[in-house]
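The structure under discussion appears below in the form of structure tokens.
Bear in mind that the values in this text are calculations on the coordinates, not laboratory data. Just so it is clear, the model here is predicted, and its values are computed rather than measured. Glycine also receives a Cβ, built like all others from the backbone with ideal geometry; neighbour counts cover every protein chain displayed.
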Amino acid sequence: MINAGDMNGSGNLMDFLDEPFPDVGTYEDFHTIDWLREKSRDTDRHRKITSKSKESIWEFIKSLLDAWSGWVVMLLIGLLAGTLAGVIDLAVDWMTDLKEGVCLSAFWYSHEQCCWTSNETTFDDRDKCPQWQKWSELLVSQSEGASAYILNYFLYIMWALCFAFLAVSLVRVFAPYACGSGIPEIKTILSGFIIRGYLGKWTLLIKTVTLVLVVSSGLSLGKEGPLVHVACCCGNFFSSLFSKYSKNEGKRREVLSAAAAAGVSVAFGAPIGGVLFSLEEVSYYFPLKTLWRSFFAALVAAFTLRSINPFGNSRLVLFYVEYHTPWYMAELFPFILLGVFGGLWGTLFIRCNIAWCRRRKTTRLGKYPVLEVIVITAITAIIAYPNPYTRRSTSELISELFNDCGALESSQLCDYINDPNMTRPVDDIPDRPAGPGVYTAMWQLALALVFKIVITIFTFGMKIPSGLFIPSMAVGAMAGRMVGIGVEQLAYHHHDWIIFRNWCRPGADCVTPGLYAMVGAAACLGGVTRMTVSLVVIMFELTGGLEYIVPLMAAAVTSKWVADAFGKEGIYEAHIHLNGYPFLDVKDEFTHRTLATDVMRPRRGEAPLSVLTQDSMTVEDVETLIKETDYNGFPVVVSKDSERLIGFAQRRELILAIKNARQRQDGVVSNSIVYFTEEPPELPPNSPHPLKLRRILNLSPFTVTDHTPMETVVDIFRKLGLRQCLVTRSGRLLGIITKKDVLRHMAQMANQDPESIMFN
Amino acid sequence: MAARGGAWAGLCSLLALAALAGLGAEAKNSEDVRCKCICPPYKDHSGHIYNKNVSQKDCDCLHVVEPMPVPGPDVEAYCLRCECKYEERSSVTIKVTIIIYLSILGLLLLYMVYLTLVEPILKRRLFGHSQLIQSDEDIGDHQPFANAHDVLARSRSRANVLNKVEYAQQRWKLQVQEQRKSVFDRHVVLS
């Protein structure tokens, strides 16, 4: 087999700017890698290094450096991912507040930072300080009244439109691959697909810069999915510095799995949850070595983010809560109801979003991406401003909904009627009747819930970086908080009912609406993405307590069951199917009784298989065959009569080898015989010099017999990562099954459109 | 250009990293540390917020709330309701981050304006009417990098530094144009 690792890089900077010479062993864009070949190349490299390390001290040191390079890459990924996440958090904080006003003493401070040092904040008006002025105060020196409101409203919309327009223009001009969430494409890349440029440096830069812009513009999207993409771009960047990873696509994907874990870790401040998310959702092959390295990368990233300290209190996430009030068995019933809501909402969202994205793909709507972004931003800004719960950023909304109401909260949601003689300490406030502020908050939250449900369907999938963790959690948190307040008031006013009598006496603090918000958020997120373990671990790492595992698990399990009853796919798998990526899901089960003959090509009535013979074709014949067909590879047989299989040759390598031979070797002309055996065949005298192509031949292609059940074939494809598999009967070659054929067959069996699989 | 852009991005991220790491190790600005105590209304005293620059172990009601609004025997009841939190931030980090971000954004915007508006005008003036005869593929192609094909073909001959950089830039533009076609026009990837 070819050892492509022999190409040494020249140290000249100018050569760096040259176009890379496509040597034998690299893959074309939008093709699948050969996992087995990458694995064997890595084993060869490792064996060579180990054998050389015994020769001298320098070689020994080089072997040590090679072994340690994996950890160095993880360290660098963690540092860069943490830094970028910190920069994004700080910039989003500032730019979100820029829509409403500006800090006069130092323009780079957000609202909260501006009022940090001021002494003029009062208990009732904790947000006001003279250094921070709204735009209406600055421009027309009025802070109350109708004209001030209208001016603020107008400027809010203008800023939002400006940010969104900048973001979509930057994406369009510099890095079109920076749009969307990134997780469906990363899942496909990690399963072996090649999308050149998807994890490039320009995509990294543009995704980071535009992510800040779109989150600040108030659109209903989050930054967690794009942070996974950003972290994988960092992983790709650092792995290109080491030849162990840059030359081997299989090893590179191990690094990318770990980088994805680091991305989720900094998004949620949950290192363990990040590793589990990478294991469950994103990665395809996850060996144990990768588990340990992912954990290391996630920890380094979380530690870097904490040292940047974007939220000013050594917390990694804006909505970290820390209360420890107990929950009661009877509350499992509303938690399960929230789980059902989450499952139903997940199904609704997936169906509507896929329908809208399909419309964007196929009709004229897709021809106006910039206009679409501007219109959606305008609608979002116009509807979001009047409602105080949608005016602020979604992370702040979730943070407020998760928080428990102590005596010190001054928000409307905590406007309970206090007993003036109450002498209890701060965190043991008993249940109180709701004041008017709470009722106002409830209907505002209901309106906000409906708005968010509708607008997120149209926002996810636009040509800007967009994630959907935060909007799903917001929907769930709003629903959960409303249910929690309902249960709390029910318990207060009817504490003599049977269900409340045992655990909720008057004067006791029994119901925590903030916990219901958390459970609702977990349920909705689980309903949309169908995450299981990783979701629960992320949520309890967010809350810092193990007390709430049982409610979170109950809600997550219920929402997954309810959602699975309507459709098996989560949002990411649905987008993979929409785009037709060749992704063979490990979660799908193939339970049909078809055989390999039913799927293999050529079918009855089709043209026979295009094969190469061992030593009876000329260069011209091979070139004609390559030009006339567009297959990715050709089986090599002994001769056209006895179709006994010798091996398999890739199209790309044939083209390159013939091109090289014509340029470099003397005597190779169009009439030269091409042979794949060790010794050249018997040739008549005066015939041109034959061309030996044995080195590009794969002598061990995978074969199955024609009666192999498709269940086994699908299993082989999945477990070994094959691209094609040859079908033989009593030693004679019958046909070929490619990954595309397998996917089309599975789609056909599931009554989906088999023509939707587009890539090879 | 991809290499230069990548180097630029790497340089900026390293700058940010160095700035943040270095500044994090400096002595903290005295304004960046505070203990914040929020005290709710008590009897006839209204709620109040107290800030003071004390160390973390001194961050409690007795050290921070000055002057104490309630007389001696009530101090304990008053302080029991107050909630004190120790907070610190790094104002230098915030300043450096925002300024670096805005400068990167500004540079990108300038480059975008240059690529979409200025460069086609310059090229049209420099090369006159011969450029107007475009191939069939470019007719109606108002994308920013429509000239990439032609420049690429011409500049293959010479080999000095400036041309290599321009050649790399044109190759990058071709790649971005391909990406744009897949994503925006044919909707093949990233629906």
- Task: Beyond 23 Å between alpha-carbons counts as too far, so tell me which of A:201/A:452; A:39/A:187; B:123/B:173; A:201/A:223; A:62/A:251 fall in that bin.
- Result: A:201/A:452
- Message: Sorting check: for A:385-398, A:456-469, which peptide has the highest mean count of neighbouring beta carbons within 10 Å, and how do the rest follow?
- Response: A:456-469, A:385-398
- Task: For residue A:695 paired with residue A:628, estimate the spin-label separation in nm (one decimal), with each label point 7 Å from Cα along the Cα-to-Cβ line.
- Result: 3.0
- Message: Strictly under 4.7 angstrom between C-beta atoms: which cysteines of chain A have no such partner?
- Response: A:162, A:179, A:232, A:233, A:234, A:352, A:357, A:524, A:725
- Report the calculated FRET efficiency for residue A:57 and residue A:246 (r = Cβ-Cβ distance, R0 = 41 Å), to the nearest 0.05. 0.95
- Note on the structure: Per DSSP, the loop-located trypsin sites (Lys or Arg not before Pro) within region A:554-646 having at most 13 other beta carbons within 10 Å are A:587, A:593, A:603, A:604, A:640
- Stick to the Cα atoms of chain A, pair each with every other, and give me the Kirkwood hydrodynamic radius in Å at one decimal. 29.1
- Say R0 is 25 Å: what FRET efficiency, to the nearest 0.05, do residue A:370 and residue B:121 get from their beta-carbon distance? 0.70
- Counting only C-alpha contacts under 8 Å and six or more residues apart, can you give the relative contact order of chain A as a whole percent? 14
- Number of partner chain Cβ atoms within 10 Å, mean per residue of B:85-95: 5
- Message: How high is the relative contact order of region B:32-89? Use alpha-carbon pairs under 8 Å, at least six apart in sequence, and give a whole percent.
- Response: 48
- Query: For the protein assembly as shown, with the dipole built from +1 on Lys and Arg beta-carbon atoms and -1 on Asp and Glu ones, taken about the Cα centre, which of A:159, A:402, B:104 lies farthest toward the positive end?
  - Reply: B:104
- Item | Total charge dipole magnitude, region A:596-750, about the Cα centre, Cβ charges on Lys, Arg, Asp, Glu only, Debye to nearest 20 | 580
- Task: Within 10 Å of each Cβ in peptide A:80-90, how many partner chain Cβ atoms are there on average? Round it to a whole number, please.
- Result: 4
- Task: Starting from the Cα of residue A:501, step 7 Å along the direction of its Cβ; do the same at residue A:124; then give the gap between the two resulting points in nm.
- Result: 4.4
- Task: May I ask you to order A:647-656, A:664-673 by the average number of other C-beta atoms within 10 Å around their residues, highest value first?
- Result: A:647-656, A:664-673
- Please compute the net charge surrounding residue A:503, taking Lys and Arg as +1 and Asp and Glu as -1 over other residues with Cβ under 14 Å from its Cβ. -3
- Message: Residues of region B:68-87 with backbone nitrogen within less than 13 Å of a virtual label 7 Å along the Cα-to-Cβ line of residue B:45, please, listed as ranges.
- Response: B:68-83
- From other protein chains only, count the Cβ atoms within 10 Å of every residue's Cβ in A:209-217, then give the mean. 1
- Rounded, prolate or oblate: which fits region A:596-750, taking a ≥ b ≥ c as square roots of the Cα gyration tensor eigenvalues, rounded meaning a/c under 1.5, else prolate when a/b beats b/c? prolate
- Task: Report the charge-dipole magnitude of chain A in Debye, nearest 20, computed about the Cα centre from +1 at each Lys and Arg Cβ and -1 at each Asp and Glu Cβ.
- Result: 1840
- Query: Near the amide H of residue A:728, under 5 Å away, which other amide H atoms are found, from residues 5 or more places off or on another chain, if H is placed in the peptide plane?
  - Reply: A:704, A:705, A:706, A:734
- Taking the alpha-carbon centroid of each part, what is the distance from region A:561-602 to region A:222-266 in angstrom? 26
- Cβ-based net charge around residue A:34, under 10 Å, with every Lys or Arg adding one and every Asp or Glu removing one: +2
- Message: Whole angstrom only: what separates the Cα centroid of region A:352-392 from the Cα centroid of region A:431-491?
- Response: 19
- Message: Would any residue of region A:598-640 have its amide N under 18 Å from a label point 7 Å out along Cα→Cβ of residue A:40? List them or say none.
- Response: A:633-637
- The set of residues whose placed amide H lies less than 5 Å from the amide H of residue A:647, leaving out same-chain residues fewer than 5 positions away, is A:636
- Within the P(r) computed for region B:32-89, what percentage of the Cα pairs occupies the region above 13 Å? 54
- Task: Take every DSSP beta bridge with both residues inside region A:596-750 and express the antiparallel ones as a percent of the total, to the nearest 5.
- Result: 70
- Item | Per-peptide average of other Cβ atoms within 10 Å, ordering B:49-55, A:302-308 highest first | A:302-308, B:49-55
- Query: For chain A, which DSSP H helices look membrane-span-like by this rule: Cα extent along the axis of 18 Å or more and mean Kyte-Doolittle of at least 1.6?
  - Reply: A:146-174, A:369-384
- Item | Only Lys, Arg (+1) and Asp, Glu (-1) charged, at Cβ; region B:32-89 dipole about Cα centre in debye | 140
- In whole angstrom, how far apart do the alpha carbon centroids of region B:68-85 and region A:640-711 sit? 90
- Query: How far apart, in nm, are two points set 7 Å out from the Cα along the Cα-to-Cβ line at residue B:111 and at residue B:178?
  - Reply: 2.0
- Item | Amide H within-cut-off set for residue A:617, under 5 Å, with H built and near neighbours excluded | A:674
- Query: What FRET efficiency do you get for residue A:348 and residue A:686 if R0 is 56 Å and r is their Cβ-Cβ distance, rounded to the nearest 0.05?
  - Reply: 0.15
- Message: Just want the answer: with Cβ charges of +1 for Lys and Arg and -1 for Asp and Glu, which residue in A:209, A:610, A:504 is farthest toward the dipole's positive end in chain A?
- Response: A:610
- How much length is gained if the chain between residue A:150 and residue A:606 is pulled fully straight, taking 0.36 nm per residue apart and subtracting their Cα-Cα distance, in nm to one decimal? 157.2 nm
- Item | Set of aspartates and glutamates near residue A:128 by C-alpha distance (under 12 Å), chain-local residues within fewer than 8 positions excluded | A:112, A:120
